[in-house]
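Accompanying notes for the structure given below.
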Amino acid sequence: MIDVLYFAWVRERIGLPRERLETGAATVADLVDELRAREERYAAAFSDLTSLRVALDQELASFDAPLAGVREVAFFPPMTGG
Amino acid sequence: MRVAVQSAPFDVGTEVSTFTAGVRGAGAVVSFTGLVRDEAGTLSGMEIEHYPGMTEKAIFGIVGEAVSRWSLVDALVIHRYGKLGPGEAIMMVATAAPHRGDAFAAAEFLMDYLKSRAPFWKKELGAGGEAWVAAKDADEDALKRW
């Protein structure tokens, strides 16, 4: 099981802040493909990966990163702190 | 080093005074405060979302990087989340160093990295509705100078 978190407009588009999933995805990109196939709102949120960032266990990562051993995946737009 | 991620407002004067009083061996303190900007006068406020847990880790990582690059006596980062009104302080950084060059450079470095590497997202609230603030290419480019 893996916790998947969504922030900012990704959270709004998908309609929930987090969920727990059973997945066989090997990489972040595989997980994204699984999510896209679930429902239209996921397909919409993940339509353009260049406008998204991903963190694995609270560290920024790339979409080709492996998911082995990861407990928490977060998807969000580019950050706007400061 | 102190990092505070909080919804409560903070008093910039008090924070700078307390920070300055606590630094030993420093010859320079630089502080920066970021405010909710309302250029057009139409903003009713701003809502800031963050990623609890990662936010603190990311900021400590950025502060640690600053400490390894410059000769710093101390550093402070305060960043708010939640609903803020126009003109309110969103965040501040303060750096203390033996000489001003290091204090200025480290403060700028902290600001550049907090902007695009700390997991905060700003949403502007106005009469015409609400809109997420988009990240700027210039913010990403700003990291390249370090």
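Taken together, the values in this text are just the output of simple stated rules run on the coordinates, not laboratory data. As the structure is a computational prediction, the values presented were derived from the model and not from experiment. In this analysis, Cβ positions are derived from the backbone assuming ideal geometry, glycine residues included, and neighbour counts consider all displayed protein chains.
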I need the Debye-formula profile for the protein assembly as shown: one equal scatterer per C-alpha, no solvent, reported as log10 I(q)/I(0) at q = 0.12 1/Å, two decimals. -0.71
Rank by packing, highest mean first: peptides B:22-30, B:95-103, A:52-60, with packing defined as the count of other Cβ atoms within 10 Å averaged across residues. B:95-103, A:52-60, B:22-30
Relative to the longest principal Cα axis of chain B, at what angle does helix B:100-117 sit, 0 to 90 degrees, rounded to 10? 40
Whole-Hz Karplus ³J(HN,Hα) for the range B:39-46, in order, using 6.51 cos²θ - 1.76 cosθ + 1.60 and θ = phi - 60°, x for Gly and Pro? 4, 8, x, 10, 7, 8, x, 9
Over all residues in A:52-62, what is the mean tally of Cβ atoms on other chains that come within 10 Å of each residue's Cβ? 3
Shape call for the range B:81-146 from the C-alpha gyration tensor, a ≥ b ≥ c root eigenvalues: rounded (a/c under 1.5), prolate (a/b greater than b/c) or oblate? oblate
Straight-line reach check, B:LYS144, cutoff 19 Å on alpha carbons, 8 or more apart in-chain or any other chain, hits among aspartates and glutamates -> B:GLU65, B:ASP102, B:GLU108, B:ASP112
Most exposed to least, judged by fewest other Cβ atoms within 10 Å, A:GLU72, A:GLU40 sort to A:GLU40, A:GLU72
Along the range A:16-29, what does the Karplus equation 6.51 cos²θ - 1.76 cosθ + 1.60 (θ = phi - 60°) give for ³J(HN,Hα), rounded to whole Hz, x for Gly and Pro? 7, x, 6, 8, 10, 10, 9, 9, x, 5, 8, 10, 4, 4
Please compute the net charge surrounding A:ALA45, taking Lys and Arg as +1 and Asp and Glu as -1 over other residues with Cβ under 15 Å from its Cβ. 0
Overall form of the range B:2-145 per C-alpha gyration tensor (a/c, 1.5; a/b vs b/c): prolate
Around B:ALA142, what is the net charge, scoring Lys/Arg as +1 and Asp/Glu as -1 over all other residues with Cβ under 14 Å from its Cβ? -1
Quick check: net charge around A:ALA25, other residues with Cβ under 9 Å of its Cβ, Lys/Arg +1 and Asp/Glu -1? -3
Tell me whether the range A:2-76 comes out rounded, prolate or oblate; compute the Cα gyration tensor, take square roots of the eigenvalues as a ≥ b ≥ c, and use a/c under 1.5 as the rounded threshold. rounded
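Might you report the magnitude of the Cβ-based charge dipole of the protein assembly as shown about its Cα centre, with Lys and Arg at +1 and Asp and Glu at -1, to the nearest 20 debye?
It comes to approximately 500 debye.
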For peptides B:86-92, B:112-118, B:68-74, sequence by mean Cβ density within 10 Å, most packed first: B:112-118, B:86-92, B:68-74
Considering only the protein assembly as shown, what is the antiparallel percent among its DSSP beta bridges, to the nearest 5? 80
Of all DSSP beta bridges with both partners in chain A, the antiparallel percent, nearest 5, is 75
Hz values of 3J(HN,Hα) by residue in the range A:72-77 - Karplus curve (6.51, -1.76, 1.60), Gly and Pro given as x: 9, 10, 10, 10, 7, x
Please name which of B:MET46, B:SER68, B:HIS79 has its Cα lying farthest along the dipole of the range B:2-145 towards the positive end, using unit charges on Cβ (Lys, Arg +1; Asp, Glu -1) and the Cα centre as origin. B:SER68
The range A:11-78 and the range B:40-99 have their Cα centres apart by a whole-number Å value of 27
Acute angle (nearest 10 degrees) that the helix B:12-21 long axis makes with the longest principal axis of chain B, alpha-carbon atoms: 10
